[in-house]
Every structure is written in structure tokens, then in C-alpha cells.
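The values are calculated or read from the model by the stated rules, or taken from the named source; none is laboratory data. All values reported here derive from a predicted model rather than from experimental measurement. Positions of Cβ are generated from backbone atoms using ideal geometry, with glycine treated the same way; all protein chains shown enter the neighbour counts. Accessible surface areas use protein heavy atoms only, side chains included; no ligands, DNA or RNA. Shrake-Rupley method; radii C 1.70, N 1.55, O 1.52, S 1.80 Å.
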Amino acid sequence: MPHLRENNTALISALRGLLPSESVLADAEDMRPFECDGLAVYRQLPMVVALPETVAQVQSILRLCHAHGVPVVARGAGTGLSGGALPLADGLLLSLAKFNRILNIDVHNAMATVQPGVRNLAISEAAAAYGMYYAPDPSSQIACTIGGNVAENSGGVHCLKYGLTVHNILMLKVVTMEGELLTIGAETLDSPGYDLLALMTGSEGMLGVIVEITVKLLAKPERAQVVLAAFDDVMKAGEAVGSIIAAGIIPAGLEMMDKLAIRAAEDFVHAGYPRDAEAILLCELDGTHAEVSEYILAVRNILTASGATEVRTAADEAERQLFWKGRKSAFPAVGRISPDYYCMDGTIPRRQLPHVLRRIGEMSAEYGLAVANVFHAGDGNLHPLILFDANKEGELHRTEEFGRSILRLCVEVGGTITGEHGVGVEKIDQMCVQFLSAELSQFHAVKAAFDPSGLLNPGKAVPTLRRCAEFGAMHVHHGQLPHPELERF
Amino acid sequence: MGGMDISTALQQQVLDAFHNGTPLNICGSGSKAFLGNASRGQAIDVTGHRGIVEYDPSELVLTVRSGTTLHEIEAALAEAGQMLAFEPPHFGEAATLGGTIACGLSGPRRPYCGSARDSVLGCKLINGRGEILRFGGQVMKNVAGYDVSRLMVGAHGTLGVMLELSLKVLPRPAASITVTRVCSAAGAVSSMSALLGKPLPVDGACFHGEQLYIRLSGSAQAVREARSKIAGGVLPDADNFWHALREHQLPFFKRNGALYRVMVKPATPPLNIEGTWLLDWGGAQRWLYSTEDPASLRHRIASVGGHVTAFRGGKQADEIFHPLPAPLLAIHQRIKASFDPKNIFNRGRLYAGL
Ligand SMILES: Cc1cc2nc3c(=O)[nH]c(=O)nc-3n(C[C@H](O)[C@H](O)[C@@H](O)COP(=O)(O)OP(=O)(O)OC[C@H]3O[C@@H](n4cnc5c(N)ncnc54)[C@H](O)[C@@H]3O)c2cc1C
Ligand SMILES: Cc1cc2nc3c(=O)[nH]c(=O)nc-3n(C[C@H](O)[C@H](O)[C@H](O)COP(=O)(O)OP(=O)(O)OC[C@H]3O[C@@H](n4cnc5c(N)ncnc54)[C@H](O)[C@@H]3O)c2cc1C
């Protein structure tokens, strides 16, 4: 039935033979909630949405799609910020939402086995009864799924000390596009063969559909304390970040917000942030009681020496939570003060922070668009939020141009176009800035090793060489971009 | 920062091998030559490609050429009060970083502070077509493209010649102490497992010769506080003990016969398999000298969810690494072909046919 692709009704009725009818959605209205992820400027209805609830169903769906050449896009909670879960008009959207069970918490081996649709925070909540938790904590953790976290290699405010998703998982069960079930990694610390676990992590749903995840659990630290420091100059805050690390201290979290972000967050959740500061740093220290006391003292001294105008330690756990609430709700807070905002995600070597922040400020003036900076300062992962109004003629276009300039700057100073949000559809052209043709070809070859048919999330994350040639040519013409074939940095 | 860049010569050698289909045997110092299946092919010597390319302690990132010795790297880090978090075994004076990363071996700190692979941030390599490629980078977080750098770790040089590696490094702990007490193997396993659920600064746990050893590292305060919560006496000269464990210089490792590296879930009770055991990594990595038939050994250990490497002293003809299920092996072969289409690098070093 190779022409099934043209014949949607036949595919849909074949799906109804595999799943209960309420698990196959084909009406536009039913499919509307799946038309975009967190990057809502891109929208597309799929041909059909399937909501399986067993691994066998996932296998059958993928076999069916494989046999008929229908592309498949996996989806967790749809909080992704790069359009990774954006549906394809002629494709099937595979929602893992019904895989929402925690299968096992193994305290003795400090691990938990969960289904991919389990929310990130739900793992820590379930482990709390044993004094344990799952470390990576993206700001979206009440909503995003662990499957999506693995697919994006998500980080969080605690990843400076505790690592990213890739450092905190042990084993995956994955279904290939052909419908084959693979076990990748192991319940042991190392596993035989190539490190496919690393390859799967951050692969944006292009290599396989993740149907089970075994994560590591950590003992909850005895104490966590946060220090808030205010600065009258963003550069000083940036330099303070380097000084803390240089002193041999690895904070559990080290976050920075600038004035616009501080005010938006303060107005939204009343976190007690100083509204008149140009920048604040939130520095969390965790460990044993005595250890935390020792580090708090050291960090306070460094911050003061770096020119902080105010250094405040949370008075109690409630205030600590409040300080973090302000940070974790910074994106929605900015959403309240601007009709739209665009979140960037470049990472740079930490020492470039002052330079890059200054350049972003200058570009903000050039493009006539305000920027709120809220980011993971400790690991140099920037999240400039560009404020714009999509209803104003040309503003989205200008915003995207501005965003591209920021990413090019990140690559120029030795960084990367994406620290944790993924490439998706959004940054696919910037991949041509960061990688040479031979490197992109190697990525395509890796993809083909898992998915020879190329039907899993096609067109995302890795651009075709042709696309780069067109993109590169266009920009070279305007004299803005070095030719992608030339030496980078 | 000194050293020597011979990447052009190495690239030329790979290009020639690609055109002529000559198998290559990638050579570091040869300290781990015993490890893996017998190597064939023309030697391609990376030890001349050496030197620290970039190291800024406040970035916690180090970039070095792959032929640089661990010795030189660790000396540079120590000067800045930092270290490689994965505490790599050297197994020889001249061990190179490239060989260490290719073997993917980590020391006693691994369960608590991460593995060799966890430290890798970026890699520059020559693939089997003679192309020089760069993946990852010098920053802590980077999700642009597939994680090819970490794929190189433990690939035993079968996917490419690593030229340069960027690693995340960590400050050395200000203080460290080792607490030891006599106990049974079963008691050690349950004590080490219980520690995983406690917020203590443990960075080493080993059971050897009826003794349990727990290493605590961190700020002086933290170590003092934690020590009072763990029963046992303080081990004098603890650094020597952990060094000897890491380098396989304890008397335990001086035996003749086949040494197996057994990976299991840490809380797995002592296995009833004939032989002499040493438990490292809090019980997650177990060393075993045994005369049991390797196939039945693998079978027994696989039945508790573990796997085995024939680390040293076994029969050369036996499979060294734990066999892969057929669908996974097929993906391995396709990945190998995608990097090294003419199969020139370290043929058969990891698995026959890879
Ligand atoms: C099963 C097993 C058992 C082992 N047993 C022992 C032992 O008993 N004693 C001991 O001392 N060591 C042992 N080793 C370890 C290994 O040989 C050393 O740990 C490693 O550090 C050697 O560094 P080297 O520079 O000497 O590398 P080499 O020994 O020269 O090379 C180690 C491996 O890495 C590859 N390689 C080296 N450099 C590169 C590069 N730049 N790019 C790509 N690939 C590269 C080589 O081809 C080889 O496969 C064992 C390893 C394994 C896997
Ligand atoms: C307010 C806000 C704050 C955020 N903060 C952070 C942050 O601090 N750190 C951070 O890293 N990210 C952050 N994000 C981004 C986002 O939450 C993460 O990328 C998250 O991991 C996405 O999970 P999801 O379940 O929503 O995945 P989706 O958006 O549904 O999917 C993301 C990608 O994963 C693939 N995928 C999903 N499930 C599977 C599966 N089971 N198998 C294979 N592929 C799959 C999809 O195809 C897609 O490519 C934030 C987003 C928002 C909206």
C-alpha cells in the first residue's frame, strides 16, 4: 500500500485497528492542542495524532508508519522551545502523554524507572519519601516530561553542580522507526559497547522513540541555602560569577537576572528582589550544615568584594523558595509585560559574559527591541528574552534577525547556538554557522544508522547541506556571515 | 602553550590508509595494549601530538591534544588546585589522555563525581575518511548536534583518531579522610548502598580483604562532620591506598590468572561465584579472579542484570567485552561504517566485525 500516504483515511482506519478510537485524533479541533510546542510562532496541524499507552502499541504504530513511509514526530508535554515537537502536515504526531507511570523506585540502588510521559517534578516528589530526588530541574519541571528532557538533554538551575540529563540517566528503552525495541545503557554504571546513551540524549526525537527511562536518584542535601546579591552594574555581576568559581566553590546553582527581568519577576510573584538593581545573582549552596555555613561566608565575601550593593541570605526555607520562585517564573513574568517574547539559548565561555552582555545591550539599541536577561550564569548558558509584538508589522522578523545575531556572537566567542533548548526547527540555519559540511554529513550518517528510512522527526535539528548553501549564500551576499565552509571562530 | 601539533601528518596517514584500505592501529603509549582484542594494522602514533591547548581554571575547562600524558595534565591541574574528576587509572607512566578516553576507564571517584565520559565536553577527531571534525565544544552545556564527543569514550579508537579533547575539571576537595572497619562482604554491600541515600560527601567506597573503606572529601568542616557519622577508624596514608586501588597495585591484583571486571547494580548481594573478589565503586564495579568458564560467568552475571569484561590474563581467543544483542550490534556496525566506511581503525579491537 505505498500510496497510503496520499490516502489519509486508510492510515487512520489502520490506526483505529491498533488503538482504542479515542486514542486516534484526526479532526482539526481535536488536534489543535498539538499544533505547536512552547515556540508558538511555528504552528502546524499533523495528519493524525496517536496516543498509545503500551510499548506494543508504539511498536505497531511505528511499524505501520514505516511500512507506509509516513513521518513520525514524538511529543511529550510540548514545552520545548525550539519547535522540536512541531508536527508535520503529512505526518503522525505520537503523543507519549499516556505513559505517565512511575514503574519502580529502587532506593538501594538509587535509581527510578519511569515512563516517558512522567513529569520531571513528579519523579522528585515520588522519591522525596525516601529522602532522595532527581537532580536536573528545568524551570518547566512541573509540566515537561522526562522523555522530552532526555530528547533535549535538558538542564536546570542545579546542573552546574549535578550535571545535565545525560549525567543523570542510566538506561533507556527505545523503539526504532522499524518498531524494534532496544535497551540502551544498563542499570549498571557503565554498559558494553558504544555510548549510545549519550547519543540518544539530546537527539531531539530523531533516533528513536523513548518508552522507558531509568534515572539516577541522589540523596537530598541536608541543607540548601541561597544568597541574593544585587549589583548596580551588569558587568560586575558577570565578573562576580567567575570569581566564585575561581575560588574553588561549585554552587548548586548560580543564576543571574537583569533589571527588566528582576522587575517583571518582582511584579509577578513578589519574590522580594531589589527593584532598583541593575542585576541580581542567586547563588545556592548545598551540602551538610557546616559545609553550607562555610561556603555562605566565603561567597558573601566574594560578592561584597566584587562590588555587590546588597548581599542577602534567605532567612528561612520559605524565603529561599520565594527567591527561586521569582527566577523560575521569570519567563511567564516577562510574558506579562510584553505581548510576545522570544527566548534565546546560547552558551559561551564564562569569561566572555561581560563582553557578550555588553554586545547584547548594544544590539538591543540597534534593533530597537528590549531584552530581558535571565540565565544560568554559572555555566555560561544565556537566555536573552527579546520583547516584541507579533501584531506589529515586521517586528517578528526583526526579532528573529536579532536572535540570529546573538547566536552568531555566541559562536564567535567560542560558544554554541544552544545550551539546552535544542535546535529543532528554530535554529536549524544557525547549525550551518556552527558546523562544517563534513560535520553535518557525519550527523546525517549517525541518524541513518538508527533510522535508515529518515522518517523520525525529519527536517529538524540537522540542516541539509543544500539548505546551508542557500542560507550561507544569502548571508554572504549581505556581507553578514562568513561562508560556512571557512574556518569558524 | 607548548607541545606539538602533528594533526596534518596524522591526517595524511589516515588519508593514505583510506585510499589504500590499510588497517591502522592507533597507538598511545601502549600502556593499555593488553586491553581489548589483539590489535593488527599499521601503527599510527599519536604520542607526538601533545600539549595543553587551553586551560583557564576559572572556566573549569581544559583543552588538550590527545597524546598528552595524564601525568602532565594532572600536574598542570594540581598547580591550579584542580583535578580530573573521574580519577583516571594510568596503568603506566606514559599513559595518554587519548588512550584513557578511548578505553573509557574511570577510578574510585566515578560513582560519586562522574565517569570519563561525563567529563568530556568536546572532541576534535579524524574520521575514517581522513576528515578533521569537531564536535561539542569548550562550554558546559551544548546540545547542538548529536553528542559525538561522548560517543568516542570507550569506543577503543574504532571510530576515529581523537586529536583534541575538552574536559570539564573540578576543584580539588580541600580535605579528605578515609574511614575503615572490618566487616563481611554482605555487610559492606549494604553499608555502601545505604550511603547512597545519605547526604554525606562520600567519594570512594571499597571492600577489600574483610575491610570496608569509605573516603569522605569536601570542605574541612564537611569532612569532620561526616566522619563522626561513620563507624570505624581513620586510615593513615589513605592517598596511597586509593592510588594503589586505582592503579591495580594492591596485593590483590598481583595474582596470576584471569581478572574480570564485573559490573552490577551496587546493592547486588555478594555473588556466589567461585573466585576472589574486590568491590569498588560502592559495589557497582567488582574485580574477580576466577577460574570459572568465561561463558558461564557471563551468563550468571547477566542473570542479575550485570555484565563482564575479561580485563586481563584471560585467553586471547576469548571474547573480551560483553557480547551485544543482535539489534544493538547491527546499530554499532552501522555507526562504525558511518565514521569509518573502509574499516581501517582498530579492526576488531572492541568486537569482531566492528
Ligand atoms: C579490557 C581492558 C583491560 C585492560 N587491562 C590493563 C592492564 O592490565 N594494565 C594496564 O596497564 N592497562 C590496562 N588497560 C588499559 C589501557 O590499556 C590504559 O588504561 C590506557 O590509559 C592506556 O593509555 P595509553 O596512552 O597507553 O593508550 P594505549 O594503550 O596506547 O591505547 C589504548 C587504546 O586507546 C586507543 N587510542 C589511543 N590513543 C587514541 C587516540 N588519540 N584516538 C583514538 N584512540 C586512541 C588505542 O588504539 C587503544 O585501543 C586495559 C583496558 C581494557 C579495555
Ligand atoms: C517556561 C519554560 C521554561 C523552560 N525552562 C527550561 C530549563 O530551565 N531548562 C531546559 O533545559 N529547558 C527548559 N525549557 C524547555 C523545555 O521545557 C524542555 O526542552 C523539556 O525537556 C521539553 O519536554 P517536553 O516533554 O515538553 O517535550 P516536547 O516539547 O514535547 O518535545 C521536545 C522534543 O523531544 C522529543 N520527544 C519528546 N518526547 C519524546 C520521547 N518519548 N521519545 C523521543 N523523543 C521525544 C520531541 O520530538 C521534541 O523534539 C523551558 C520551557 C518553558 C516553556
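Brief remarks on what is shown
- The length gained on full extension between B:L329 and B:A43, counted as 0.36 nm times the residue separation minus their Cα-Cα distance, comes to 100.3 nm.
- Cα centroid separation, the stretch A:323-391 to the stretch B:39-78: 36 Å.
- Estimated [θ] at 222 nm from DSSP helical runs (n ≥ 4, -39500 (n - 2.57)) normalised by residues in chain B, nearest 500: -7500 deg cm²/dmol
- Under the criterion of Cα pairs below 8 Å and six or more residues apart, the relative contact order for the stretch A:61-159 equals 23 percent.
- Report note on the peptides B:14-27, A:141-154: ranked by the mean count of other C-beta atoms within 10 Å, highest first, their order is A:141-154, B:14-27.
- At R0 = 22 Å, FRET efficiency that the Cβ-Cβ distance of A:K259 and A:A305 yields, to 0.05: 0.45
- Modelled spin-label separation between B:Q12 and A:E412, with each label point placed 7 Å from Cα along the Cα-to-Cβ direction: 3.6 nm.
- Helix A:317-328 axis, angle to chain A major axis (alpha carbon atoms, nearest 10°): 60 degrees
- Compared with the dominant Cα axis of chain A, that is its longest principal axis, helix A:465-477 is turned about 50°.
- Isolated Cys residues of chain A, judged by Cβ distance under 4.7 Å to other cysteines: A:C36, A:C65, A:C144, A:C159, A:C283, A:C343, A:C410
- Based on protein heavy atoms only, the protein assembly as shown ends up with 35 Å² per residue of surface accessible to a 1.4 Å probe.
- With a Förster radius of 60 Å applied to the beta-carbon distance between B:T22 and A:A28, the computed FRET efficiency rounds to 0.50.
- Cα centroid separation, the stretch B:184-239 to the stretch B:91-128 (Å): 26 Å
- Amide N of the stretch A:50-87 lying under 13 Å from the label point, which is placed 7 angstrom from the Cα of A:K98 along Cα→Cβ: A:50-61
- Cα gyration tensor shape of the protein assembly as shown, rounded if a/c is under 1.5, else prolate or oblate by comparing a/b with b/c: rounded
- Shape call, chain B: gyration tensor on alpha carbons, a/c limit 1.5: oblate
- Candidates per trypsin sites (Lys or Arg not before Pro) in the stretch A:378-410, loop by DSSP, up to 14 other Cβ within 10 Å: A:K392
- Around A:I262: net Lys/Arg minus Asp/Glu count, Cβ-Cβ under 13 Å: -4
- Test item: A:414-424 mean partner chain Cβ contacts at 10 Å: 4
- Rg and Dmax over the alpha-carbon atoms of chain A stand at 22.9, 72 Å.
- Counting charges near A:L369 (Lys, Arg +1; Asp, Glu -1) among other residues having Cβ under 12 Å from its Cβ returns a value of -4.
- Net charge dipole, the stretch A:305-383: roughly 100 debye, given to the nearest 20, about the Cα centre with Cβ charges of +1 for Lys and Arg and -1 for Asp and Glu.
- Averaging the Cα positions of each part gives two centres, and for the stretch A:82-119 and the stretch A:202-281 these lie 26 Å apart.
- In this label model, B:H299 and A:Y42 are separated by 5.1 nm, measuring between points 7 Å along each Cα→Cβ vector.
- Solvent-accessible area, 1.4 Å probe, carbon plus sulfur percent, for the protein assembly as shown: 53 percent
- Cβ-based charge dipole, chain A, positive-most Cα from A:I142, A:N100, A:L396: A:N100
- Note on chain B: GNM, Cα springs under 10 Å; of B:G98, B:G136, B:G283, the largest mean-square fluctuation is that of B:G136.
- Average Cα contact separation per residue, the stretch B:2-99, under 8 Å, 6 or more apart, as relative contact order %: 29 percent
- Mean Cβ neighbour count within 10 Å, used as a protection proxy, ranking B:250-262, B:137-149 highest first: B:137-149, B:250-262
- Across chain A, C-alpha contacts under 8 Å between residues 6 or more apart give a mean separation that, scaled by the residue count, equals a relative contact order of 13 percent.
- What the Cβ-Cβ distance of B:Q211 and A:D106 gives, at R0 = 22 Å and to the nearest 0.05, is a FRET efficiency of 0.20.
- Taken across both chains, chains A and B shield about 6400 Å² of accessible surface from a 1.4 Å probe.
- Length added when fully stretched, A:K325-A:A390, from 0.36 nm per residue minus Cα-Cα: 20.6 nm
- Overall form of the stretch B:142-301 per C-alpha gyration tensor (a/c, 1.5; a/b vs b/c): oblate
- Taking every DSSP helix (H) stretch of at least 4 residues in chain A, weighting each as -39,500 (n - 2.57) and dividing the sum by the residue count yields a mean residue ellipticity at 222 nm of -11000 deg cm²/dmol.
- Cα-centre dipole for the stretch B:140-203 with unit charges at Cβ (Lys and Arg positive, Asp and Glu negative), debye to 20: 220 debye
- Cα→Cβ-extended label distance, 7 Å offset, between B:D5 and A:A370, nm: 4.6 nm
- Cut-off 18 Å (backbone N to label point 7 Å along Cα→Cβ of A:R275), residues of the stretch A:219-260: A:230-232, A:258-260
- Lys, Arg +1 and Asp, Glu -1 on Cβ, resulting dipole of the protein assembly as shown about Cα centre, debye, nearest 20: 1740 debye
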